[in-house]
Amino acid sequence: MKSLERRFINVSEKYPLWSSHTCFAEAVAYQRFSRSIIHRWFSKLVQKDDYARSEKRAILEHLENLTNLPRKAKIEGKRHR
């Protein structure tokens with residue numbers, strides 16, 4: 001099982017009420033996955049009815065940015081919650 005797939009499954013099991021799109025975003029956050037990995041696994045793991053097809057490009061761009069955020073941003077973000 002691939003790393004992103006494993007993370008997605010773990011998040012899905014931990015938060016069963018979350019949509020597949022939200023679980024995928026949580027799985028990629030701060031993990032520095034490549035663009036191709038995100039695109040490939042998004043198509044395989046995220047249910048098509050969880051997002052508008054017209055917004056797919058913007059969603060993937062957001063996920064690419066989310067995966068590459070520095071860890072410092074993650075730590076600072078948790079302090080403000």
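Across segment 27-40, the qualifying residues are those that are in a helix (DSSP H, G or I) and within 9 Å of the chain's Cα centre (by Cα), and the one among them that is surrounded by the fewest Cβ atoms within 10 Å (Cβ to Cβ) is Ile38.
Taking first residues from segment 35-49 that are farther than 13 Å from Leu63 by Cα and partners that are modelled with pLDDT of 95 or more and polar (S, T, N, Q), the Cβ contacts under 8 Å between residues at least 6 apart in sequence or on separate chains come to Leu45/Ser20; Gln47/Ser19; Gln47/Ser20. Within segment 1-26, restricting attention to residues that are polar (S, T, N, Q) and surrounded by fewer than 14 Cβ atoms within 10 Å (Cβ to Cβ), the residue that is modelled with the highest pLDDT is Asn10.
The values are calculated or read from the model by the stated rules, or taken from the named source; none is laboratory data. All values derive from a computational prediction rather than experimental measurement. Here the Cβ is made from the backbone with ideal geometry for all residues, glycine too, and neighbour counts use every protein chain on show.
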